[in-house]
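Everything on this sheet refers to the single structure shown next.
What follows draws every value from the coordinates through simple rules; no lab data is involved. What you are looking at is a predicted structure, and each value in this text was computed from that prediction instead of being measured. Positions of Cβ are backbone-derived with ideal geometry, glycine not excepted, and every protein chain shown enters the neighbour counts.
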Amino acid sequence: MALNLDDVRRAAHLARIAIDDAEAEATLAQLTRVFGMIEEMQAVDVSGIKPMSHAQDLALRLREDKVTEPNQRELFQSVAPETDAGLYLVPKVIE
């Protein structure tokens, strides 16, 4: 993808970034290098490579799924303005 100074200025304008000519030229050079690197990566044949969920082969440490806190529903609902059958009642706000 070929960029020019007008593209950089337009992107800066859309991002509401003030940019002068020297900064625009430096940004153009950096973006050109980035897009060049992306094109190189897209040229690599990865058809035989299995997708990975992580860059390293890690396994998450799992913990036992058990309740560690006491049930405090009655305490929490005792200060609520309105409840019914264990649910909090709120005013209708959408017609």
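Within the shell of other residues whose beta carbon sits under 15 angstrom from the beta carbon of Thr83, the net charge comes to -2, with Lys and Arg scored +1 and Asp and Glu -1.
Shown here are the Rg and Dmax of the Cα trace of region 42-84, at 24.0, 64 Å.
Put a plus charge on the Cβ of each Lys and Arg, a minus charge on the Cβ of each Asp and Glu, and nothing anywhere else: the dipole of the chain about its Cα centre is then about 280 debye. As a calculated quantity, the FRET efficiency between Arg61 and Asp6 at R0 = 41 Å, using C-beta atoms, amounts to about 0.20. Using a simple spin-label model with pseudo-atoms 7 Å out from Cα toward Cβ, Gln72 and His13 lie 5.6 nm apart. With a Cα-only, solvent-free Debye model of the chain, what are the log10 I(q)/I(0) values at q = 0.22, 0.24, 0.25 Å⁻¹? For the chain, the Cα-only Debye profile gives -1.14, -1.16, -1.18.
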